[in-house]
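Presented below is the structure to which this report refers.
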Amino acid sequence: MEYLITSNSENQTIKIAEAFSIFLTGGDAVLLNGELGAGKTTFVNGICKGLGIKSQINSPSFTILNKYIIKKNKELIHADFYRLDSIDEIINVGIEEFLYDPKYIVLIEWPEILKSSIKKEYIEITFSYLVEDYNSRVLTFKSNFNYWDAKLKNFKKILKL
Ligand code: ADP
Ligand code: MG
């Protein structure tokens with residue numbers, strides 16, 4: 001299923017992400033698509049806020065993988081594969097160790113190369129600009145898995161409240 005929502009500000013994107021974070025549990029994989037500056041890292045910030053992560057969130061553009069503790073045995077991985085251009089490089093940073101471990105919630109910016117190698121259910125969120133308005137973005141949540149469809153349905157419900 002697919003669900004589109006418009007955000008009219010950075011702050012609204014954070015609020016949407018906070019609402020979405022309620023549905024995230026260990027083992028979840030979230031792929032974040034969209035051009036530079038589209039709002040992927042901002043969205044991750046909102047998720048971290050929603051999950052109660054207090055530490056400063058930095059973009060992993062250079063570090064590739066950032067790790068945050070949520071609570072005992074629950075951690076969040078924020079990856080950014082913009083600088084990696086082959087599947088070997090991506091596997092070499094150890095992403096599979098996190099992707100297939102129920103301890104981790106994994107959020108990935110620039111997931112395109114990895115995508116076809118992922119052997120589990122994932123959700124994709126695509127961020128796109130609106131030409132008319134610099135502060136607006138369309139967020140498209142897309143799932144091809146029952147597991148994520150169920151979460152998406154409930155997410156839609158709470159946003160409509
Ligand atoms: P990405 O990780 O996709 O490259 P960032 O989240 O780092 O993008 O940057 C998004 C930029 O766009 C920030 O400077 C933010 O202030 C700005 N912005 C403007 N409007 C929005 C919006 N509606 N949602 C998210 N970011 C927005
Ligand atoms: Mg980013």
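The values are calculated or read from the model by the stated rules, or taken from the named source; none is laboratory data. What you see is a predicted model, and the numbers here were worked out from it, not measured in a lab. When we count neighbours, we look across all protein chains shown, and the Cβ atoms used for this are built from the backbone with ideal geometry, even at glycine. These accessible areas exclude ligands, DNA and RNA; they are computed on the full protein's heavy atoms, side chains included. Shrake-Rupley method; radii C 1.70, N 1.55, O 1.52, S 1.80 Å.
Here are a few things to note about the model shown:
- For region 44-67, the set of residues classified as among the charged types (D, E, K, R) and either over 20 Å from LEU99 (Cα atoms) or within 12 Å of ligand 2 (Cβ to nearest atom) (or both) consists of LYS49, LYS54, listed by residue number.
- Residues located in region 95-109, provided they are crowded, with 20+ Cβ neighbours inside 10 Å and free of Cβ contacts under 8 Å to residues at least 60 places away in the same chain: ILE95, PHE98
- Yes/no for LEU4 being under 18 Å from LEU130 (Cβ atoms) and in contact with a strand residue (DSSP E or B) (Cβ under 6 Å, 6 or more places away or on another chain): yes
- Complete set of residues in region 112-161 that are free of Cβ contacts under 8 Å to residues at least 12 places away in the same chain and within 18 Å of GLY34 (Cβ to Cβ): VAL131, GLU132, TYR134
- If the condition is being in contact with a Ser or Thr (Cβ under 8 Å, 6 or more places away or on another chain) and more than 27 Å from PHE23 (Cα to Cα), then region 63-89 contributes ARG83, ILE87.
- Candidates LEU152, LEU130, LEU114, LEU139, filtered to the one that is closer than 15 Å to ILE22 by Cβ and of a type outside the set (Val, Ile, Thr): LEU152
- The condition (being within 16 Å of ligand 2 (Cβ to nearest atom), on the phi < 0 side of the Ramachandran plot, open to solvent by 30 Å² or more (accessible area, probe 1.4 Å) and in contact (Cβ under 8 Å) with a residue 24 or more places away in the chain) is satisfied by just one residue among THR6, THR13, THR41: THR41.
- Neighbours by Cβ (under 6 Å, 6+ apart or cross-chain): first from region 53-75, of a type outside the set (Ser, Thr, Tyr) and within 16 Å of ligand 1 (Cβ to nearest atom); second part of a loop (DSSP other than H, G, I, E, B) and open to solvent by less than 100 Å² (accessible area, probe 1.4 Å): ILE64/VAL93; LEU65/VAL93; ASN66/PRO60
- Verdict on LYS119 being at negative phi, among the basic types (Lys, Arg) and not in a loop (DSSP other than H, G, I, E, B): no
- In region 24-55, the residues that are over 12 Å from the mean Cα position of the chain (by Cα) and among the hydrophobic types (A, V, I, L, M, F, W, C): LEU36, ALA38, LEU51, ILE53
- Filtering ILE90, ILE125 for residues that are under 23 Å from ILE53 (Cα atoms) and buried (at least 21 other Cβ atoms within 10 Å of the Cβ) leaves a single hit, ILE125.
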